[in-house]
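Chemist: This is the structure I have questions about; it appears just below.
The values are calculated or read from the model by the stated rules, or taken from the named source; none is laboratory data. Being a predicted model, the structure only gives us computed values, none of them experimental. Reconstructed Cβ throughout: ideal geometry from the backbone, glycine too, with neighbour counts over all protein chains shown.
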Ligand SMILES: *[C@@H]1O[C@H](CO)[C@@H](O)[C@H](O)[C@H]1NC(C)=O
Ligand SMILES: *[C@@H]1O[C@H](CO)[C@@H](O)[C@H](O)[C@H]1NC(C)=O
Ligand SMILES: *[C@@H]1O[C@H](CO)[C@@H](O)[C@H](O)[C@H]1NC(C)=O
């Protein structure tokens, strides 16, 4: 059968004809008038099949797929750069909706695994490689590659979303037939979603983003500053890895009981007045479990705002850089040495010097990074979210309170900044709550996992053993953040809470261990005092903590 073509101007409605075949020829025809685009791959995957095109960021396949058409398209973005995007198009189960997902760190690769999870809902799913092929930590691809930096920063996502939507409609012979468009991802993927709706409010009707790396220059600066707090290793202030557990144990001891249950989960890290002095060595403490006064300052600094003093009397006042770790978070990532998550941006995006000495970070380096704002990646245009809100868009934001890669405080900062921007935009009558809700996930680490706490909400970068997608036994908008987003967008029913689930051994096949509500920030879950603490009905969302202090 004759496939549809996308008209020469991407984004115009296509004319109605029947569905294309899942062949390179059919896709070539669809894209015939888009000279920037070329086909890498088109082919069918049978039900239960596995598919991927391995990259350094995503070496593994999506597995256990429904029957789909898999495609990969290359798009030239400048004379020096191009990006690729992948598509999974469900055979018979398309729900007439589009869902894009994102990436991690500085990584480049199509996120086939998350696309594979989300195609099970019936979405046509899409992910871009952002224009390069690298692991999440490796930023060296960016050296003297401004066009590729632009692709990573914002261009590949927008170009991929726009072209992919046209391909989806042409493939299904359904011009204008995408009823809703969504986005779900975590970390850099969270940033990409927020950036896309800031720059292009029409791209999505709803986004569900976790632990967003939204403040690009500052995340790098904050990560590097934390590594420097514990450097060099032979300094008296240095905290050895063998002491990390003692910090976390004391934080649990002091901050865990406040939600009414001692269970290894700190529900309110921002409301805990932690006494660091309790870590100090005294005559009775075993030296392997306590801290000298110098080490105590290192611990304190790790859990405090990262700030440059008014250096050299410039008169500019101190510069707040980034929030430190939230109480209860493991210090292991922050204090175990240097990573490209900290210095990569400065070497390869800002100074263009692969030998730049990261131990000499100054305030001027941070200001230079702000000024350059590589790839216009930073999702810091808070006021522009009003345009997204005005056209009915919804944002669900969640962040693990025990995130050691991107401190949970950065999402609080984002939430506060959006709240202020909306208040000052005035006259719209739309409270922040009408389009933007934030859920702190107590105990959760970066994007997923917790030893003790319920964390699973079927978000981006939340693979769960023993299932293909969603929350087995609880496939509804109360437990699944993607279904919650759809319900909010399509039925106007905003989530007041989400119930997070912990499966035994983090394996859905092993059954549920515990569930607990996540409350719309700044409300918090509080145990009612009777009944099984592992059952969500024995908790309620209360106005506690930060606002009362
Ligand atoms: C990944 O999927 C491709 C395409 O279906 C297949 O050729 C390859 O064998 C798969 N790899 C693994 C490790 O399953
Ligand atoms: C990415 O690079 C790795 C290592 O060179 C290679 O094996 C892989 O095929 C590349 N993937 C893509 C999609 O280019
Ligand atoms: C490094 O290169 C980027 C473009 O990739 C440019 O914006 C930046 O100004 C350069 N930095 C310096 C110090 O020249």
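Chemist: I'd like to know if the range 117-131 contains one or more residues that are surrounded by 24 or more Cβ atoms within 10 Å (Cβ to Cβ) and within 16 Å of ligand 3 (Cβ to nearest atom).
Modeler: Yes, there is a match, as at least one residue in the range 117-131 is surrounded by 24 or more Cβ atoms within 10 Å (Cβ to Cβ) and within 16 Å of ligand 3 (Cβ to nearest atom).
Chemist: When the range 324-355 is examined, which residues are found to be in contact (Cβ under 8 Å) with a residue 40 or more places away in the chain, part of a loop (DSSP other than H, G, I, E, B) and surrounded by fewer than 22 Cβ atoms within 10 Å (Cβ to Cβ)?
Modeler: Across the range 324-355, the qualifying residues are 330, 336, 337, 338, 339, 352, 354.
Chemist: Among (1) more than 30 Å from residue 255 (Cα to Cα); (2) touching a residue at least 60 places away in the same chain (Cβ under 8 Å), where does residue 481 come up short?
Modeler: Result: residue 481 passes all but (1).
Chemist: Go through the range 85-112 and give me each residue that's within 16 Å of ligand 1 (Cβ to nearest atom) and buried (at least 21 other Cβ atoms within 10 Å of the Cβ).
Modeler: Listed by number, the residues that qualify are 86, 87, 88, 89, 109, 110, 111, 112.
Chemist: Say whether the condition of being under 25 Å from residue 175 (Cβ atoms), touching a strand residue (DSSP E or B) at 6+ places or on another chain (Cβ under 6 Å) and either at pLDDT below 95 or in a loop (DSSP other than H, G, I, E, B) (or both) is met by at least one residue in the range 5-17.
Modeler: no
Chemist: Here is a check on your reading of the model: is residue 155 surrounded by fewer than 24 Cβ atoms within 10 Å (Cβ to Cβ) and away from ligand 1 (no atom under 16 Å from the Cβ)?
Modeler: So residue 155 does not fit the description; no.
Chemist: Regarding the range 176-193, can at least one residue be identified that is without any contact (Cβ under 8 Å) to a residue 40 or more places away in the chain, closer than 20 Å to residue 30 by Cβ, in a strand (DSSP E or B) and touching a strand residue (DSSP E or B) at 6+ places or on another chain (Cβ under 9 Å)?
Modeler: First pass over the range 176-193, keeping only residues without any contact (Cβ under 8 Å) to a residue 40 or more places away in the chain: none.
No.
Chemist: What number goes with the only condition from (1) out of contact with any strand residue (DSSP E or B) (no Cβ under 9 Å at 6 or more places or on another chain); (2) assigned to a loop (DSSP other than H, G, I, E, B); (3) surrounded by fewer than 20 Cβ atoms within 10 Å (Cβ to Cβ) that residue 487 does not pass?
Modeler: With (1) out of contact with any strand residue (DSSP E or B) (no Cβ under 9 Å at 6 or more places or on another chain); (2) assigned to a loop (DSSP other than H, G, I, E, B); (3) surrounded by fewer than 20 Cβ atoms within 10 Å (Cβ to Cβ) applied to residue 487, the lone miss is (2).
Chemist: Okay, moving on. Of the residues that make up the range 421-439, is at least one crowded, with 21+ Cβ neighbours inside 10 Å and part of a loop (DSSP other than H, G, I, E, B)?
Modeler: Scanning the range 421-439, I find at least one residue that is crowded, with 21+ Cβ neighbours inside 10 Å and part of a loop (DSSP other than H, G, I, E, B), so the answer is yes.
Chemist: What are the residues in the range 118-137 that are out of contact with any helix residue (DSSP H, G or I) (no Cβ under 6 Å at 6 or more places or on another chain) and either at pLDDT below 95 or away from ligand 1 (no atom under 16 Å from the Cβ) (or both), if any?
Modeler: 118, 120, 121, 122, 123, 129, 133, 135, 136
Chemist: Taking residue 222 and the conditions (1) more than 18 Å from the chain's Cα centre (by Cα); (2) more than 16 Å from ligand 2 (Cβ to nearest atom); (3) assigned to a helix (DSSP H, G or I), which numbered condition does it fall short on, given that it satisfies the others?
Modeler: Against the list (1) more than 18 Å from the chain's Cα centre (by Cα); (2) more than 16 Å from ligand 2 (Cβ to nearest atom); (3) assigned to a helix (DSSP H, G or I), residue 222 comes up short only on (1).
Matching residues to (1) more than 14 Å from ligand 2 (Cβ to nearest atom); (2) within 21 Å of residue 145 (Cβ to Cβ); (3) touching a helix residue (DSSP H, G or I) at 6+ places or on another chain (Cβ under 9 Å):
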residue: 33; (1), (2), (3): yes, no, no
residue: 37; (1), (2), (3): yes, no, yes
residue: 41; (1), (2), (3): no, no, yes
residue: 48; (1), (2), (3): yes, no, no
residue: 53; (1), (2), (3): no, no, yes
residue: 66; (1), (2), (3): yes, no, yes
residue: 69; (1), (2), (3): yes, no, yes
residue: 81; (1), (2), (3): yes, yes, yes
residue: 99; (1), (2), (3): yes, no, yes
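Chemist: If you check every pair at least six apart or on different chains, which have Cβ atoms under 8 Å apart with a residue in the range 121-144 that is under 18 Å from residue 219 (Cβ atoms) first and a residue that is within 12 Å of ligand 2 (Cβ to nearest atom) and in a helix (DSSP H, G or I) second?
Modeler: Cβ pairs passing all conditions: 134/141.
Chemist: A further question follows. Is it the case that some residue within the range 258-266 is buried (at least 19 other Cβ atoms within 10 Å of the Cβ), closer than 11 Å to residue 327 by Cβ, within 29 Å of the chain's Cα centre (by Cα) and at pLDDT 95 or above?
Modeler: Within the range 258-266, one or more residues are buried (at least 19 other Cβ atoms within 10 Å of the Cβ), closer than 11 Å to residue 327 by Cβ, within 29 Å of the chain's Cα centre (by Cα) and at pLDDT 95 or above.
Chemist: Hey, among the residues in the range 53-71 that are farther than 17 Å from residue 135 by Cα and surrounded by fewer than 19 Cβ atoms within 10 Å (Cβ to Cβ), which one's nearest to the chain's Cα centre (by Cα)?
Modeler: Residues of the range 53-71 farther than 17 Å from residue 135 by Cα: 62-71.
Then drop every residue that is not surrounded by fewer than 19 Cβ atoms within 10 Å (Cβ to Cβ), which leaves 63-64, 67.
Values: 63: 22, 64: 24, 67: 28 Å.
For the range 53-71, the residue satisfying everything is 63.
Chemist: Scan the range 271-282 for residues that are buried (at least 18 other Cβ atoms within 10 Å of the Cβ) and in a helix (DSSP H, G or I) and report the count.
Modeler: 2
Chemist: Within the range 491-507, how many residues are buried (at least 19 other Cβ atoms within 10 Å of the Cβ), out of contact with any helix residue (DSSP H, G or I) (no Cβ under 7 Å at 6 or more places or on another chain) and within 13 Å of residue 450 (Cα to Cα)?
Modeler: The total comes to 3.
Chemist: Here's something else I'd like to know. Among 136, 145, which is more than 16 Å from ligand 3 (Cβ to nearest atom), within 30 Å of residue 353 (Cα to Cα) and surrounded by fewer than 24 Cβ atoms within 10 Å (Cβ to Cβ)?
Modeler: It is 136.
Chemist: Looking at (1) surrounded by fewer than 22 Cβ atoms within 10 Å (Cβ to Cβ); (2) within 18 Å of residue 519 (Cα to Cα); (3) touching a residue at least 12 places away in the same chain (Cβ under 8 Å), find the lone condition where residue 468 falls short.
Modeler: Going through the list (1) surrounded by fewer than 22 Cβ atoms within 10 Å (Cβ to Cβ); (2) within 18 Å of residue 519 (Cα to Cα); (3) touching a residue at least 12 places away in the same chain (Cβ under 8 Å), residue 468 breaks only (2).
Chemist: Take the residues in the range 296-321 that are more than 32 Å from the chain's Cα centre (by Cα) and outside any loop (DSSP other than H, G, I, E, B), then tell me which one is nearest to residue 365 (Cα to Cα).
Modeler: 311
Chemist: If I ask for residues that are assigned to a loop (DSSP other than H, G, I, E, B) and buried (at least 19 other Cβ atoms within 10 Å of the Cβ), which ones from the range 381-403 would you list?
Modeler: 393, 401, 402, 403
Chemist: Working carefully through the options 297, 250, 289, find the one that is at pLDDT below 95 and surrounded by 14 or more Cβ atoms within 10 Å (Cβ to Cβ).
Modeler: Residue meeting the stated conditions: 289.
Chemist: How many residues are surrounded by 14 or more Cβ atoms within 10 Å (Cβ to Cβ) and free of Cβ contacts under 8 Å to residues at least 40 places away in the same chain if we restrict to the range 356-366?
Modeler: Of the residues in the range 356-366, 1 are surrounded by 14 or more Cβ atoms within 10 Å (Cβ to Cβ) and free of Cβ contacts under 8 Å to residues at least 40 places away in the same chain.
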